[in-house]
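These notes concern the structure reproduced below.
The values are calculated or read from the model by the stated rules, or taken from the named source; none is laboratory data. Fair warning: this is a prediction, and the values are worked out from it, not measured in the lab. Ideal geometry is used to build each Cβ from the backbone, glycine not excepted, and the neighbour counts take in all protein chains shown.
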Amino acid sequence: MDIDVHALHHGFIRGMRAKGGLLVTDAEVLALRHRGGNWHAETRAGDFSAPVIINAAGAWGDALAELGGVKPVGLVPKRRTALTFQAGDWDVSKWPIIVDIAEEFYFKPEAGLILCSPADETPIPPCDVQPDEIDVAIAIDRVERATTLKVAKIDHKWAGLRTFVDDKRPVVGFDQRVAGFFWLVGQGGYGIQTAPGMGRLVGALAAGGSVPNEMAEFGVDSAALSPTRLV
């Protein structure tokens with residue numbers, strides 16, 4: 001099934017606020033130090049401190065770690081390009097996602113349009129990434145070659161960063177070399193899809209517990225996700 005990402009994301013935010021949580025934006029971390037048993041973050045939106053810090057900085061995860069004197073885990077951000085275009089006379093509302101068997105492109109319905117991507121994974125430094133015109137052209141060419149679809153006009157184009165470590169598994173758990181530093185990075189392109197389960201797992205592990213029983217029954221193993229495997 002498809003996910004309404006906006007609804008899911010804002011549902012999480014409402015749940016957090018109902019529990020007394022605070023969302024602070026425009027808060028670039030300028031300095032990060034561990035002293036007196038707490039982590040202290042100096043940001044553009046003020047200073048914050050806590051005994052545990054969860055590094056969920058995505059493509060910037062290694063950079064944030066280094067800011068706090070923590071050894072990086074080898075994150076590699078990779079650009080993924082996407083675009084949407086008019087479906088013409090086709091009613092695409094009930095179409096499935098279609099993925100080339102070699103995973104060189106995919107397309108699916110998106111709010112009455114067709115979303116497609118060349119499934120690119122171009123290594124790139126952490127940045128406010130923008131689509132490369134050659135990747136947009138490649139996506140269109142691959143879809144038009146494989147189907148009868150014609151891209152007469154691009155409705156919207158964008159790019160995002162999917163971040164991986166070498167084994168392409170998420171990195172979830174406490175750093176064994178520095179107290180109170182918890183890693184939550186390397187989800188690749190599956191962050192929102194894994195968010196409900198990942199959030200439950202992180203909540204348990206960051207509080208000093210173990211993998212919840214209902215997740216352990218499916219083979220979720222904290223050691224397989226721990227940053228220790230990358231040391």
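A few notes on this one:
- Of the residues Asp89, Asp128, the single one that is of a type in the set (Asp, Glu), under 30 Å from Ser49 (Cα atoms) and loosely packed, with under 15 Cβ neighbours inside 10 Å is Asp128.
- Criterion (assigned by TED's automatic domain parsing to the domain that holds Gly173, among the charged types (D, E, K, R) and in contact with a strand residue (DSSP E or B) (Cβ under 8 Å, 6 or more places away or on another chain)) met by exactly one of Arg35, Arg17, Arg44: Arg44
- Members of the range 176-189 found to be surrounded by fewer than 16 Cβ atoms within 10 Å (Cβ to Cβ) and touching a Ser or Thr at 6+ places or on another chain (Cβ under 7 Å), listed by number: Gln176
- Qualifying strands (runs of 3 or more DSSP E) (wholly inside the range 1-77; at least 2 residues being without any contact (Cβ under 8 Å) to a residue 24 or more places away in the chain and either within 30 Å of Pro109 (Cβ to Cβ) or not β-branched (Val, Ile, Thr) (or both)): 29-35, 38-43, 46-50
- Index of the failed condition, Phe107 passing every other in (1) under 20 Å from Asp4 (Cα atoms); (2) not assigned by TED's automatic domain parsing to the domain that holds His34; (3) not in a strand (DSSP E or B): (3)
- Tallying residues that are outside any strand (DSSP E or B) and of a type outside the set (A, V, I, L, M, F, W, C) within the range 78-88 yields 1.
- Every residue from the range 176-196 that is touching a helix residue (DSSP H, G or I) at 6+ places or on another chain (Cβ under 7 Å) and in a loop (DSSP other than H, G, I, E, B): Gln176, Gln187
- Hits in the range 197-231 (condition: within 21 Å of Gly61 (Cα to Cα), small (Gly, Ala, Ser) and not in a helix (DSSP H, G or I)): Ala207, Ser226
For every residue, the table says whether it meets (1) more than 30 Å from Gln130 (Cβ to Cβ); (2) among the hydrophobic types (A, V, I, L, M, F, W, C); (3) not assigned by TED's automatic domain parsing to the domain that holds Gly37.
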| residue | (1), (2), (3) |
| --- | --- |
| His156 | no, no, yes |
| Phe181 | yes, yes, no |
| Pro196 | yes, no, no |
| Leu201 | yes, yes, no |
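- Residue in the range 163-176 that is in the same structural domain as Pro123 (by TED's automatic domain parsing), in contact with a Phe, Trp or Tyr (Cβ under 8 Å, 6 or more places away or on another chain) and of a type in the set (Val, Ile, Thr) present: no
- Qualifying position, being out of contact with any Leu (no Cβ under 7 Å at 6 or more places or on another chain), buried (at least 16 other Cβ atoms within 10 Å of the Cβ), more than 22 Å from Asp128 (Cβ to Cβ) and of a type in the set (Val, Ile, Thr), among Ile53, Ile97: Ile53
- Residue that is surrounded by the most Cβ atoms within 10 Å (Cβ to Cβ), among those in the range 134-175 that are basic (Lys, Arg) and not in a strand (DSSP E or B): Arg142
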